[in-house]
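The values are calculated or read from the model by the stated rules, or taken from the named source; none is laboratory data. This structure is a prediction, so every number in the text was calculated from the model and none was measured. Every residue, glycine as well, gets a Cβ built from its backbone with ideal geometry; the counts of neighbours run over all protein chains shown.
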Amino acid sequence: MNPRSAQEILRDTFGYASFRGFQGEVIDHVAGGGDALVLMPTGGGKSVCYQIPALLREGVGIVVSPLIALMADQVAALQELGVRAAFLNSTLGAREAAAVEAAMRRGELDLVYVAPERLLTERCQRLLDECAIALFAIDEAHCVSQWGHDFRPEYGQLALLRSRWPQVPRIALTATADVPTRQEIVERLLVEPRVFVASFDRPNIRYRIVEKREPREQLLRFITEEHPGEAGIVYCLARNTVEQVASFLVGHGIAAAPYHAGMDAATRAGNQRRFKAEDGQVIVATIAFGMGIDKPDVRFVAHLDMPKSIEGYFQETGRAGRDGLPADAWMAYGLADVVQQRRLIEMSEADDAYKRLSGAKLDAMLGLAEAADCRRVRLLAYFGEESRPCGNCDNCISPPQVRDASDDAKKLLSCIYRCQQASGFGFAATHVIDALRGKRTEKVAKFGHDRLSTFGIGADLSEAEWRLLLRQLAAQHLVEVDYERFNVLRLAEASRAVLRGERRIELRRQVAVARGRAGKAKPAAGVPLDAAAQTLYERLRAWRGQVAREHGVPAYVVFHDSTLQAIAQSRPSSVDALRALPGLGERKLANYGAQLLELIGG
Ligand code: ADP
Ligand code: ZN
């Protein structure tokens, strides 16, 4: 048999017609024995960058990954494609591990996933000495970075790969982009690598950030109107919010379950398993959930609390739409988020340098949340990429009107100041806004704030509009919220410039449509499914669920949604016609081709 080319493997084994971006170049380089660093966003298609070279080169490809929970599914997915794959980690019994090791020695495996701590054992290293090794792939390579939030000490010791097996090519892969991390990976793991950096754009994700009013109701409306019966992740900051939101959703008929570090391990694992394996599950989680979720058909990621940095936001929202089909990143954001996150930084035990850094990261995130221009342009700019307005975020779809709110800002700042001056202590937002709008509440009367010059000067705006303005002043460090003292408001030094008319304040106008739904996400494939195709699609999904249960694997291991949609749309009537569709390689055609044709025909 002639050795197959990379292109042939992509087509026959993986069922894809062409390489995405630089995949082909990476594969050529690594298959030729070179080291590579690959930076690609989640869902970009990193896996084939090491899987195909491992199939092209002699010997077994060793994949190092910290995500033990994922290995079984990754291996199952490869086996479904007809690739000889296995894993070695602590979930295997001694006998099973011995079988894998024996198969490796006999040269019967193409790819073996190994946990890093395992790889560092003398036993495993001796095993590798006895095998022909095609390559080392180091997945989640940013875990070598001591400064990163995912640091793993074992990753630091992976330098031994290049000293012990200098002739074996290494490929390091990550979805974490910043330059210092990149340098650390190269220094620790690689030798004169070629560096491949993909765009971090995720064009199929629609970004939307809405005013937080009644977050749970807003979330419920978002899910029922835009994603009924679809899989999604809802992120909350605190464990008890996670619990409350999950039971709220369940109470409204949504298949939701909680996930946080405080739950008992068995329940938590069960919830995670169901989310992964079954269709249409919603998981409500703290950010403890996510690393190691490579479910491709997550249709939305919703944030009920703002993440503390753009990196976090990008990573969490990036778990949506890995299959390339349209997905939503939706966040409800309000003044409380600003206050809460600042407070977390302030109260942390970290040193001042770290607090300053965290503060700057938070401010960048706030800038994104407050932005009136394209969210994607801002996101990508944060990662050093230039781009043009995307047409697929809330601000592009229904551009908010921006107005000059400098005079209103002066009124609000003056009122904060006057209330405090008159009483000798500060007041929180509700009271200040009442006084500003001329509401004679009991409290306003009690403190005599109805006699202040600022009483009622803001009657022309609604309470919601004043809150919006206040939040923006807080985000810009013009007003401070003292969370140690009942959230009272104080003027920051920088507010003088506004009061003197030297600094302009712009405000998004409350446009009704920006709050509600911005329209159904546009289908990636172009045409939405018509009724007949939809019926077939549902039938294919039901069949897939059955196959997956029989094989004990998640549904997406059998086929991705995108493949089933392509089948439903084009109704192929022969194996050759099936072959032309994405995700249908030779092994899947042989295993499922006849059944698919029957489903299409029936
Ligand atoms: P990552 O590891 O970068 O998050 P994956 O390797 O899991 O991404 O790939 C993401 C999705 O893209 C998968 O569904 C995969 O099958 C698909 N994919 C990868 N390469 C191609 C390609 N060349 N053509 C079509 N689909 C591809
Ligand atoms: Zn945009």
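At-a-glance table
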read-out: Given (1) under 29 Å from the mean Cα position of the chain (by Cα); (2) buried (at least 17 other Cβ atoms within 10 Å of the Cβ); (3) without any contact (Cβ under 8 Å) to a residue 60 or more places away in the chain; (4) closer than 21 Å to S47 by Cβ, index of the condition L111 fails; value: (3)
read-out: Segment 115-154, residues that are more than 21 Å from the chain's Cα centre (by Cα) and surrounded by fewer than 14 Cβ atoms within 10 Å (Cβ to Cβ); value: T121, E122, R123, R126, D129, E130, A132, Q146, P153
read-out: Of residues in segment 379-420 being more than 14 Å from ligand 2 (Cβ to nearest atom) and polar (S, T, N, Q), the one surrounded by the fewest Cβ atoms within 10 Å (Cβ to Cβ); value: Q401
read-out: Filter pass, A172 being more than 30 Å from P399 (Cβ to Cβ), buried (at least 21 other Cβ atoms within 10 Å of the Cβ) and either modelled with pLDDT under 95 or within 16 Å of ligand 1 (Cβ to nearest atom) (or both); value: yes
read-out: Qualifying residue in segment 293-314 (condition: within 16 Å of ligand 2 (Cβ to nearest atom), over 22 Å from F248 (Cα atoms) and part of a loop (DSSP other than H, G, I, E, B)); value: no
read-out: Complete set of residues in segment 324-346 that are within 16 Å of ligand 1 (Cβ to nearest atom) and over 13 Å from the mean Cα position of the chain (by Cα); value: G324, L325, P326
read-out: Test: residue in segment 396-408 that is in contact (Cβ under 8 Å) with a residue 24 or more places away in the chain, in a helix (DSSP H, G or I), over 29 Å from I345 (Cβ atoms) and not small (G, A, S); value: yes
read-out: Residue in segment 237-244 that is touching a Lys or Arg at 6+ places or on another chain (Cβ under 7 Å) and outside any helix (DSSP H, G or I) present; value: no
read-out: Qualifying residue in segment 346-360 (condition: within 30 Å of M40 (Cβ to Cβ) and buried (at least 22 other Cβ atoms within 10 Å of the Cβ)); value: no
read-out: Out of S398, S414, S387, sole residue that is among the hydroxyl-bearing types (S, T, Y), modelled with pLDDT under 95 and within 24 Å of I505 (Cβ to Cβ); value: S398
read-out: Condition check for R164: within 28 Å of F19 (Cβ to Cβ), more than 16 Å from ligand 2 (Cβ to nearest atom), in contact with a Leu (Cβ under 9 Å, 6 or more places away or on another chain) and modelled with pLDDT of 90 or more; value: no
read-out: Tally, over segment 422-466, of residues that are touching a helix residue (DSSP H, G or I) at 6+ places or on another chain (Cβ under 6 Å), charged (D, E, K, R) and under 19 Å from D404 (Cβ atoms); value: 0
read-out: Any hit, segment 332-346, residues being aliphatic (A, V, I, L, M), farther than 20 Å from R485 by Cβ and away from ligand 2 (no atom under 15 Å from the Cβ); value: yes
read-out: Answer residue from segment 367-390, given it is touching a residue at least 24 places away in the same chain (Cβ under 8 Å) and within 18 Å of the chain's Cα centre (by Cα) and is nearest to ligand 1 (Cβ to nearest atom) among those; value: F383
read-out: Number of positions in segment 270-289 that are surrounded by fewer than 19 Cβ atoms within 10 Å (Cβ to Cβ) and modelled with pLDDT under 85; value: 1
read-out: Identity of the residue in segment 20-45, buried (at least 23 other Cβ atoms within 10 Å of the Cβ), modelled with pLDDT of 95 or more and farther than 15 Å from L190 by Cα, that ends up farthest from ligand 1 (Cβ to nearest atom); value: I27
read-out: Evaluation of E278 against (1) touching a Leu at 6+ places or on another chain (Cβ under 6 Å); (2) among the charged types (D, E, K, R); (3) more than 23 Å from A332 (Cα to Cα) (one fails), failing number; value: (1)
read-out: Condition met for G61 (buried (at least 21 other Cβ atoms within 10 Å of the Cβ), away from ligand 1 (no atom under 14 Å from the Cβ) and not hydroxyl-bearing (S, T, Y)); value: yes
read-out: Some residue of segment 49-56 being within 9 Å of ligand 1 (Cβ to nearest atom) and buried (at least 20 other Cβ atoms within 10 Å of the Cβ); value: yes
